[in-house]
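*Asks:* Before we start, here is the structure in question, set down as structure tokens.
Nothing in this text is a laboratory measurement; each read-out follows from the coordinates by a stated rule. Nothing here was measured: the structure is a model prediction, and the numbers come from that model. Glycine also receives a Cβ, built like all others from the backbone with ideal geometry; neighbour counts cover every protein chain displayed.
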Amino acid sequence: MKISAFQMNIAPTVAENLDKVAKKTALLKGATDILILPEMFTTGFSMDSENISEQHDTTSLAFIKKCAAKSGIAIGGSIATKEDGKYYNRFYFVEPSGAYTSYDKRHLFRMGDEHNHYTAGDKRVIVEYKGVRILLQVCYDLRFPIWSRNVNDYDMAFYIASWPASRVKAWEKLLEARAIENQIYVVGVNRVGNFDGLDYCGGTHIIDFKGERLVSAQYNKEEVIESDLSIESLSQFKEVFPAYLDADNFTIK
């Protein structure tokens, strides 16, 4: 499966960011299966939930559906979303057919006051696309390994983020750890640029099931990275090193 990750410098307006996505998907048409975008790619990671959140299944999601249909590429990223009077940091995975799956960020970043502006999700979400099982995760979720524990129910995880440059070392080490401990491919997509007084340097990587970085974006540069990931190679590795069979049983409450 061909995966592309867009390390965006998120622009000041929703229209500008949607235009960036439209141009990238047009360029990538026929060259990739999936394009993954950062956390809150339309607005930047903002606590102004009342003003930036869109009603579920309206402007930005409708636009992404059109991009996916036109390009034949599945597109994933999170959008500040309002539904039933609540606000969510919602990861949408949109298929070319128009079908989509959503995941609401479970772990809200209290140091940035996110928990006072958004509602946490309570469902772990795995989407199957073209025979590949993919776990959807958002930023701070990365620090909580139990939430992403693989019980042989997924093959790949997407972590989308607005992770500041001051903590990029933690971001990169944790991405590698999640790949190794869960025996999966990890796609970590972070933004670049400056927003609300914070610097973002990126650190976007596609990592294999041994924790090796297959391809990495340059720091502080807006760019797309790509990799063709082999599920057959993953399956073969798990056959000879089935560590998941010895994992402890537990229940998440």
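*Asks:* In the neighborhood of ILE207, defined by Cβ-to-Cβ distances under 10 Å, what is the net charge if each Lys or Arg adds +1 and each Asp or Glu adds -1?
*Replies:* Taking every other residue near ILE207 into account, the sum is -1.
*Asks:* Can you sort ILE160, ILE3, ILE252 so the residue with the fewest Cβ neighbours within 10 Å comes first?
*Replies:* Listed from fewest to most nearby Cβ atoms, that is ILE252, ILE3, ILE160.
*Asks:* Apply the a/c threshold of 1.5 to the C-alpha gyration tensor of the range 28-152 and tell me whether it is rounded, prolate or oblate.
*Replies:* oblate
*Asks:* For the chain, give the share of DSSP beta bridges that are antiparallel, in percent and rounded to the nearest 5; count only bridges with both residues there. Let's see the in-between values first.
*Replies:* On the way: 34 of 54 bridges.
Taking every DSSP beta bridge within the chain, about 65 percent pair in antiparallel fashion.
*Asks:* Sort out for me the Cα centre separation of the range 203-253 from the range 80-102, rounded to whole Å.
*Replies:* Answer, in whole Å: 25.
*Asks:* Now a separate question. Mind scanning LYS23/LYS130; LYS65/LYS123; LYS29/LYS70; LYS105/LYS238 and naming the pairs with a C-alpha gap bigger than 20 Å?
*Replies:* Details: LYS23/LYS130 24 Å; LYS65/LYS123 23 Å; LYS29/LYS70 8 Å; LYS105/LYS238 29 Å.
Long pairs (Cα-Cα over 20 Å): LYS23/LYS130; LYS65/LYS123; LYS105/LYS238.
*Asks:* Another question, if that's okay. For the range 90-142, which trypsin sites (Lys or Arg not before Pro) are both in a DSSP coil and crowded by at most 12 other Cβ atoms within 10 Å?
*Replies:* LYS123, LYS130
*Asks:* Here is a further query. Hey, what number do you get for the chain at 222 nm if only DSSP H runs of n ≥ 4 count, each worth -39500 (n - 2.57), divided across all residues, to the nearest 500?
*Replies:* Estimated from H runs of four or more residues: -7000 deg cm²/dmol.
*Asks:* What is the range 148-218 by shape, rounded, prolate or oblate, if you read a ≥ b ≥ c off the alpha carbon gyration tensor as root eigenvalues and call it rounded for a/c under 1.5, prolate for a/b larger than b/c, and oblate otherwise?
*Replies:* Prolate.
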